[in-house]
1. Tell me, what are the semi-axes, in whole angstrom and largest first, of the equivalent ellipsoid of segment A:177-224 as set by the roots of 5 times the Cα gyration tensor eigenvalues?
2. Let me check I've understood the local charge: for A:I241, count other residues with C-beta under 13 angstrom from its C-beta, Lys and Arg +1, Asp and Glu -1. What total comes out?
3. One quarter of the convex hull surface, Cα atoms only: what value does that give for segment A:154-246 in nm²?
4. Using the Cα atoms as the points, what is the convex hull volume per residue of chain B in Å³?
5. What is the sum of charges around A:N207, taking Lys and Arg as +1, Asp and Glu as -1, for the other residues whose C-beta is under 14 Å from the C-beta of A:N207?
6. Give the lysines whose C-alpha is closer than 22 Å to that of B:K140, dropping any in the same chain fewer than 8 places away, or say none.
7. Specify the angular offset, from 0 to 90 degrees and rounded to the nearest 10, of the alpha carbon long axis of helix A:142-168 from the longest principal axis of the alpha carbons in chain A.
8. Just the ratio, please: alpha-carbon radius of gyration of segment A:26-77 over 2.2 N^0.38 Å, N its number of residues.
There are 2 protein chains.
Amino acid sequence: MSGVESDVIAVNNGPKCRHSPSTSCGDCRLSGICLPIALQHDEVARLEDIVNRSKTIQKGYTIYRQDQEFSAVYAVRVGCVKTMRTTQDGKEQVTGFYFPGEIFGMDGISKNRHTNSAVALESGAFCEIPFDRLQELSSKLPSLQRHFFQLMSSEIAFDQQLITQLSKNSAEERMAALFLSISSRFAARNQSGLRFRLPMSRGDISNYLGLTVETVSRILTRMQQAEIINIDNKEVEILDIEKLRMSAAVL
Amino acid sequence: MSGVESDVIAVNNGPKCRHSPSTSCGDCRLSGICLPIALQHDEVARLEDIVNRSKTIQKGYTIYRQDQEFSAVYAVRVGCVKTMRTTQDGKEQVTGFYFPGEIFGMDGISKNRHTNSAVALESGAFCEIPFDRLQELSSKLPSLQRHFFQLMSSEIAFDQQLITQLSKNSAEERMAALFLSISSRFAARNQSGLRFRLPMSRGDISNYLGLTVETVSRILTRMQQAEIINIDNKEVEILDIEKLRMSAAVL
DNA sequence: CAGTAAACTTGATACGCATCAATTCCAGAG
DNA sequence: CTCTGGAATTGATGCGTATCAAGTTTACTG
């Protein structure tokens, strides 16, 4: 409960505190991650009009479900979200982890139906951005249109990096790369990139990395023995980020 | 040379036949795949204005290179294109195969720099769509904007399917799934989905599927012995598509 | 604060695919 | 048509990670 995660503020206990944690998009401390574009004041105001800010959610709850009709994309405000898909033969694949300021749910646009489910890994809050209204507004604000093209493109690039890892890297390399990714994302929000709490379980990590929980567990102990990290349950400290970079060996 | 691939028409021998294979977007027999949207006649005309149609290319040549500045997205007209990325430590990953009517190059939008290289697997032709002009036009034609959002979203969904396969499926399941994907894409162009020529090498296939050439080769012989397919070098005949579907076991 | 189920760790064993090595096949060049 | 180098196949062996099986710790729940 100490330090890092103290900004998990709201749980889903009805409308009474629904507006308290919500600032405007313009004031939001995450806007540098979520909206790193030059919009005029009145343009931000028009965006704010359509964004449903700070809906709260409890740990383990689902934001949308695979095959459900697509109507909006989402931004994490507080907490962490995982996306996952189930294949016809019942296998589950975790396809992504999303941290505050990051956008998720864009997979659903093509078929107008979500191809993933999204689940909160921690109690937290998120923004909902109705997609039809976002499209209208994008037509009028070229920089917003460009921003969403870029967002989707970086999702593609990110997925292709994961593909490369699953295809070419060892278990240890994948784990190291995930730590580096999480670390830099904490750092981007002005939090410590060297000491943080993992919001996801070993099962989620192993699933995401195409491994088993046992393998992940073994690798974590090995990394600890090699004095690359210190890990106590979900509390991670990166002791030697250079060694970690060596272990990752990726683009 | 018989049958299936007879529509490889043009090679890169200068400007003299540069316009012969190019029809307008409105008349293009691939428009059902490339542009499955309702545009008015005058809207199609405006799109045609910006599309650089039917540039020709020879087998093995590069359309764009990783890290090169991004300026356009592309559509395959004739032939087949692979995209691939090289990691910092020199590993290569084939990230996609693109068939006539399919769009590639959208990974470059986010950083304004390509994260992949694109190489022609066969001599063929492609269209170039300058992205800045596409953005302008998208602002004016909402259905075109929506179309590109959808295209990028389906690229995301497709990549996530590959992630799932690399992470959860056996070598044989991955190979079967690739055959089914290629088969359905041939069928979408009114070509035989049961008998076709693979445009890519075993090396490309194995790299894409996260396997070695030896493993791919062994699996192909096994599938042949099981009378699921007939394969003679690159010529493939699917004998039992139901068994193939059983082998694939995916979404 | 106890009771319990889930999450995590650790160890022993098994297996799928990689690796190494040797042919064979095929396409392109002359 | 023959020559030649790359592509593909086939076989023998080894390694990395999965699987199976306990045990331990953590975190809910009442």
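1. Details: eigenvalues 92, 26, 15 Å².
The answer is 21, 11, 9 Å, longest axis first.
2. Taking every Cβ under 13 Å from that of A:I241, the sum is -1.
3. The orientation-averaged projected area of the Cα hull of segment A:154-246 comes to 5.8 nm².
4. Normalising the Cα hull of chain B by residue number yields 136 Å³.
5. It works out to a net charge of +3.
6. Cα-Cα hits under 22 Å: A:K140.
7. 20
8. That ratio works out to 1.37.
Each reported figure results from applying straightforward, stated rules to the coordinates on display, with no laboratory input. Note that the structure is predicted; figures quoted are calculated from it, not measured. Virtual Cβ from ideal backbone geometry, glycine too; neighbours counted across all protein chains shown.
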